[in-house]
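**Q** Here it is, the structure in full.
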Amino acid sequence: MPRRIEVKREERKYQNRGVEIDLPQVYDELEARCIDVIYETLKPYSKATRMYDILVADPEVRANWDMADYIAVTKLNFNDHGEVHAKVAAASAITMLKLLVEAGIQPDVVASGAGDLDDAFLVVLTGALLHDLGNQIHRVEHAHWGVYLALPILDRLMPQFYEDPEQRIELRGFILHSIHCHGVEPEPLTLEAGLVAVADGCDLTKGRGRMAFDLGNVNIHTVSALSIEEVMIARGEEYPVEIVVQMCNSAGIFQVQETLTDKILHGPLAGHVTVRATTQPEDRPIDTRIVHSISLKGRNFVTT
């Protein structure tokens, strides 16, 4: 049995039966791909792999994901900020970390002496999985509240990995910093935090934007998100990491500039990561139409 299917069946045991958000079918496919990427990337790192398994099965973590999604999606008409988004961000973050390490760039966990590469991957993975928990309090200052919500989870789980309290608290600090700075306000100061911030910005594809658009949130953010076909992370020629964004409409440039590029430029990944955005297919003379017409109904625009 493939590991991905086995894991998905195991995770169903822990699904919260109270607050659940119905996500589009494309989310299942995206989640499955990200789970495969996570396990493949973490093969050399036993602690990080074990932390992933523990977090995705933990009832407190799952309840936090559910509530973050409930507030963001059903109350604010935003796109997904729950479990699937967390896994997409985690897969992107550790993929970029792997490329940076292969290019000879040391993460702060290693450079500071706080831990080894396994510990660095654990920090990045955990920060990415927990970065959006604060949305259940409110979108306003959600990164700030996310620190408070993640703290008891980390204090409960990290003793399973680190007997030395000094190392445990130091690594906990790296994780909390990445959660607090993932919106680049304030700017992330460690490589690990920069990775979580940029990985958060990599979750751009139209599957994620479709939900907010269908809920009636018609604006440049959702239209731009619907223009993004695919986001790929690869080794670059001039930079260790190149993020390739494929668009069907030039409106996607707004999402690339405002959501993704801003997080690269305002953090420690500037100079290590670049972005290339292209329209697909390249030989098409005009863009794909995203919106045919909109009308103002009350305070919101709706498609007509």
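**Q** In Å, what Kirkwood hydrodynamic radius results for the stretch 24-172 from the alpha-carbon pair distances?
**A** Computed over Cα pairs of the stretch 24-172, the Kirkwood hydrodynamic radius comes out at 15.8 Å.
**Q** Sort 85-93, 256-264, 64-72, 27-35 by packing, meaning the average of other beta carbons within 10 Å per residue, with the highest value first.
**A** Order by mean packing, descending: 85-93, 64-72, 256-264, 27-35.
**Q** What does the highest-first list of 53-60, 145-152 look like by mean Cβ count within 10 Å?
**A** The most tightly packed comes first, giving 145-152, 53-60.
**Q** Arranged from highest to lowest average of other beta-carbon atoms within 10 Å per residue, in what order do the peptides 166-179, 114-127, 227-240 appear?
**A** Descending mean neighbour count gives 114-127, 166-179, 227-240.
**Q** Taking N as the number of residues in the stretch 106-172, what value does Rg over Cα atoms divided by 2.2 N^0.38 Å take?
**A** 1.19
**Q** Still on this structure: For the residue pair Met232 and Arg276, what label-to-label distance in nm results when each label sits 7 Å from Cα along the Cα-to-beta-carbon direction?
**A** Distance between label points: 0.9 nm.
**Q** For the stretch 50-136, just list the percent of Cα-Cα distances falling in each 5 Å bin from zero outward, please.
**A** 3, 15, 22, 20, 15, 12, 8, 4, 1
**Q** Sticking with this structure for a sec: Let me understand the stretch 46-100 better: what is its radius of gyration from the alpha carbons, and its Dmax, in angstrom?
**A** Spelled out, the Cα radius of gyration and Dmax of the stretch 46-100 are 13.1, 39 Å.
No value in this document is a laboratory result; all are computed from the given coordinates. This one's a predicted model, so the numbers in the text were calculated from it and none came from an experiment. Every residue, glycine among them, receives a Cβ derived from its backbone with ideal geometry; neighbour counts consider all protein chains shown.
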